[in-house]
Amino acid sequence: MKKLLYIHIPFCDSKCNYCAFNSYTNLNHLKKEYFKAIKKQFINDIEKFEFKEFETVFIGGGTPSTMPVSFYEKLFTLLSPYTKNTKEITIESNPNASYEWLKEIKNLGVNRISFGVQSFDDGKLKFLNRNHSSKLAIKTIENAKKAGFENINLDIIYATSLDNYELLKNDLKIIDSLPITHISAYSLMIEENTKWEGDYSKRKEDEELEIWFIEEIKKRFRQYEISNFGNPCLHNLGYWEHKEYLGIGSGAVGFNERKMFRYYTNKDVNEYIKNPTKYKYEFLNNSDIKKEKVLLGLRSIVGFEESILNKEEKKRAGILINEKKLFKKEGKIYSYDFLLADALSAYIIE
Ligand SMILES: C[S@@+](CC[C@H](N)C(=O)[O-])C[C@H]1O[C@@H](n2cnc3c(N)ncnc32)[C@H](O)[C@@H]1O
Ligand code: SF4
């Protein structure tokens, strides 16, 4: 079975007000040491967890575009024996990356790029504490296309207190003018350990506006998961298909179905560098895995195999099929409305 590889880059140039990702702005002096640590973890993990080949690679963060090209040259040399048949290599980037960086990263074999744009409104960007302007984001996206990227994603955040029809219409107008193939649209979440922790005034509860915005995105790109639209990211599809993955880097997560556990590396970058192969394990049982397969399958176009359900669960899934909430095709069960996934999976597996 082919596997997925996730690599975490925990460095950012500035910290956004809403962000709880494992990312730091004051650890740039650790960037050199960081490569040595991820190399050590990678060599250890492919042996230990018996991973021979990767179907997809995803370099996420933090902000991978804060790392110089020389870092990726070393990284891809390390990965090359395992990526001969890799279909998709994705990298996340701030929309302030230079043309040279984009071009060189593309030449190293990265064939999908995801920009954390969030909005094209300068007031909203400032409010979120983003460190780029709308104009720079547009230029960088156009440069990515010129550098040869065919698959370009934009992350957009909506449901902030600044959102209104005019602002979002303008975002859509700019989106329409750009050479992109995918949108990830996230409703703002107020997270712990962020500048906005506990401050729900930063969100706007306007269901009508949210539904309108998502419907507008759906007119442009096919929805294939709750927050994802367009030409699917194969790596993310792999997660929802419950494939195994290696999680390399500080604060990364890996998953091994054969041994039935998830493992977590140290979130503290200094500690991670000292000991990159010290993990915390979360052991899963068959029932946990079944629940995840049903939930992830119903949140996306992936669906799940009916055969994993027991007799009672099959009966309840059958009721939902009769009620036209789910449908069945070639032994798999799918949802018509991904937003209902939580409730539907809780009904099937009590
Ligand atoms: C790791 S970042 C993307 C790459 C890069 N760090 C950047 O921001 O440009 C992942 C994405 O998650 C989304 N995100 C992070 N925190 C969020 C929150 N609290 N609510 C909604 N979306 C969030 C943002 O859209 C962000 O672009
Ligand atoms: S959203 Fe991206 S750039 Fe902003 S702090 Fe989080 S990881 Fe860094």
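General remarks:
- Looking only at residues of the range 77-111 that are outside any helix (DSSP H, G or I) and acidic (Asp, Glu), we find that the one that is nearest to residue 12 (Cα to Cα) is 92.
- Whenever a residue of the range 276-305 is within 30 Å of residue 35 (Cα to Cα) and touching a residue at least 12 places away in the same chain (Cβ under 8 Å), its partners that are among the polar types (S, T, N, Q) and assigned to a helix (DSSP H, G or I), lying with C-beta atoms within less than 8 angstrom and at least six residues away or across chains, give the pairs 276/41; 276/44; 277/41; 277/44.
- Residue 191 being acidic (Asp, Glu), more than 19 Å from residue 126 (Cβ to Cβ) and in a helix (DSSP H, G or I): no
- Residue within the range 257-276 that is exposed (fewer than 13 other Cβ atoms within 10 Å of the Cβ) and among the hydrophobic types (A, V, I, L, M, F, W, C) present: no
- Taken residue by residue, the range 12-22 has no member that is on the phi < 0 side of the Ramachandran plot, in the same structural domain as residue 235 (by TED's automatic domain parsing), more than 16 Å from ligand 2 (Cβ to nearest atom) and modelled with pLDDT of 95 or more.
- Single residue of 46, 38 found to be among the hydrophobic types (A, V, I, L, M, F, W, C), farther than 25 Å from residue 126 by Cβ and in contact with a strand residue (DSSP E or B) (Cβ under 6 Å, 6 or more places away or on another chain): 38
- Close pairs from the range 176-200: first more than 15 Å from residue 19 (Cα to Cα), partner among the acidic types (Asp, Glu) and not in a loop (DSSP other than H, G, I, E, B), Cβ under 6 Å, at least 6 apart: 184/155
- Any helices (runs of 4 or more DSSP H) falling wholly within the range 251-350 and containing at least 1 residues that are closer than 28 Å to residue 62 by Cα and small (Gly, Ala, Ser): 286-298
- Hey, residue 32 over 26 Å from residue 128 (Cα atoms), away from ligand 1 (no atom under 16 Å from the Cβ) and either touching a residue at least 12 places away in the same chain (Cβ under 8 Å) or small (Gly, Ala, Ser) (or both) or not: no
- In the range 224-256, the qualifying residues are those that are of a type in the set (A, V, I, L, M) and surrounded by fewer than 23 Cβ atoms within 10 Å (Cβ to Cβ), and the one that is nearest to residue 78 (Cα to Cα) is 253.
The values are calculated or read from the model by the stated rules, or taken from the named source; none is laboratory data. Given the structure is predicted, the values throughout are model-derived calculations rather than measurements. Cβ atoms come from the backbone with ideal geometry, glycine included; neighbour counts cover every protein chain shown.
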